[in-house]
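Notes for the one structure printed next.
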Amino acid sequence: METRIQQAAEILSRSRLTVALTGAGISVESGIPPFRGPGSFWEEIDPMEFAHVDAFMKDPARVWEVLVSGLKRKLDTAKPNKGHLALAELENRGCLSAVITQNVDSLHQKAGSRDVIEFHGTFATLSCLDCGHQAASADIPLTFLPPHCQCGGVYRPDCVFYGESIPLEALTRSREFASQCDAMLVVGTSAVVHPAAMMPVLAKQNGATIIEVNPTPTPLTATTSDIFLQGGAGSVLSRLTEAVAIPTGP
Ligand code: APR
């Protein structure tokens, strides 16, 4: 493992443009369950019944009660972990240009990452279905579900539900980064949800080196990843960041 960490660090030190793609796995050590696997959200809740836009539009109260309020309570108390902090540190050093995240938990921003592309939207804000008013989730009490806007309309979380498109700016910027980067760090994603799972493939097709961090192999491991760092994001990314040479500048 140490050799692979050194190899990955060498690649990141030499890379002109590196981006990271993250999934639920990077937030597991912050106490947020993943979506798939043992003890995950979708083990308890059927995503097509509670995370599809049609389900929300049909019965927002039910979706708020079962999915959104439970997830939101976990997100409200979660803190960034060593994995998030390591990526923010790499960005600070000029070794990482952006984080493309599938997570809606804002933990990358809370860790200090500046350029975070929220590929699946966010829970940090809610929007009124009627007047479009956007509010910070933290300002909207969840005493009555669904929460209502002053206009009387229902608030929805600004996350991307199944059946909805990826926000255009997020998709465009992610594709640009994927097609121009020299290296992509893929951290804590099962790589089964598209189009996010296509980004490492697109990067690979454009000659990038793919460095995957996950305790368990994924569909990318045998097909796309050049270096597989098997382990939890917190410990692996901290060791990797330690090993990456601090740029000495011109
Ligand atoms: N560190 C790194 N990776 C981890 C850790 C950890 N400590 N713990 C678990 N993992 C890995 C798992 O092995 C798994 O491969 O994180 C991955 C989590 O996979 P998913 O739960 O499927 O999450 P993700 O890939 O982000 O899901 C994609 O699916 O349901 C939708 O919108 C939701 O954004 C989400 C999308």
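The values are calculated or read from the model by the stated rules, or taken from the named source; none is laboratory data. As the structure is a computational prediction, the values presented were derived from the model and not from experiment. Cβ atoms come from the backbone with ideal geometry, glycine included; neighbour counts cover every protein chain shown. To get the accessible areas, we keep the full protein, side chains included, count just its heavy atoms, and leave off ligands, DNA and RNA. Shrake-Rupley method; radii C 1.70, N 1.55, O 1.52, S 1.80 Å.
Working only within the stretch 1-39, note down all residues that are without any contact (Cβ under 8 Å) to a residue 12 or more places away in the chain and small (Gly, Ala, Ser). Result: Gly39, single match.
One residue alone among Leu85, Leu75, Leu67, Leu71 is within 16 Å of the ligand (Cβ to nearest atom) and open to solvent by 40 Å² or more (accessible area, probe 1.4 Å), and that residue is Leu85. From the list Leu229, Leu240, Leu145, the lone residue that is assigned by TED's automatic domain parsing to the domain that holds Ser127 and touching a helix residue (DSSP H, G or I) at 6+ places or on another chain (Cβ under 8 Å) is Leu145. Applying the criterion of being of a type outside the set (A, V, I, L, M) and in contact with a strand residue (DSSP E or B) (Cβ under 9 Å, 6 or more places away or on another chain) to the residues of the stretch 59-75, the residue that is nearest to Ala98 (Cα to Cα) is Lys72.
When the stretch 32-43 is limited to residues that are within 24 Å of Glu65 (Cβ to Cβ) and part of a loop (DSSP other than H, G, I, E, B), the one that is most open to solvent (accessible area, probe 1.4 Å) turns out to be Arg36. Within the stretch 189-212, the set of residues being within 10 Å of the ligand (Cβ to nearest atom) and closer than 23 Å to Glu176 by Cβ comprises Thr189, Ala191, Val193, His194, Ala196, Ala197, Glu212. Please find, within the stretch 16-31, the residue that is farthest from the ligand (Cβ to nearest atom) out of those that are crowded, with 20+ Cβ neighbours inside 10 Å and outside any helix (DSSP H, G or I). Only one residue fits best here, namely Thr18.
For the stretch 120-129, indicate whether the set of residues that are open to solvent by 30 Å² or more (accessible area, probe 1.4 Å), modelled with pLDDT of 95 or more, among the hydrophobic types (A, V, I, L, M, F, W, C) and away from the ligand (no atom under 16 Å from the Cβ) is non-empty. Yes, the stretch 120-129 has at least one match.
Kindly indicate the residue of the stretch 176-202 that is free of Cβ contacts under 8 Å to residues at least 40 places away in the same chain and within 14 Å of Leu17 (Cα to Cα) and also most open to solvent (accessible area, probe 1.4 Å) among those meeting that condition. The extreme case among them is Glu176. The lone criterion from (1) assigned by TED's automatic domain parsing to the domain that holds Met184; (2) surrounded by fewer than 15 Cβ atoms within 10 Å (Cβ to Cβ) left unmet by Asp105 is number (2). Scanning the stretch 44-57 turns up at least one residue that is outside any helix (DSSP H, G or I), within 13 Å of the ligand (Cβ to nearest atom) and without any contact (Cβ under 8 Å) to a residue 40 or more places away in the chain. Identify, from the list Leu185, Leu240, Leu145, Leu220, the residue that is touching an Asp or Glu at 6+ places or on another chain (Cβ under 7 Å) and within 15 Å of the ligand (Cβ to nearest atom). Testing whether each residue is touching an Asp or Glu at 6+ places or on another chain (Cβ under 7 Å) and within 15 Å of the ligand (Cβ to nearest atom) leaves just Leu220. Can you tell me which residue in the stretch 1-13 is most open to solvent (accessible area, probe 1.4 Å), limited to those that are modelled with pLDDT under 95 and either of a type in the set (D, E, K, R) or within 16 Å of the ligand (Cβ to nearest atom) (or both)? By that ranking, first place goes to Glu2.
In the stretch 89-110, the residues that are under 22 Å from Lys72 (Cα atoms) form Cβ pairs under 7 Å with partners that are among the aromatic types (Phe, Trp, Tyr) and assigned to a helix (DSSP H, G or I), at six or more places apart or across chains, as follows: Ile100/Phe177.
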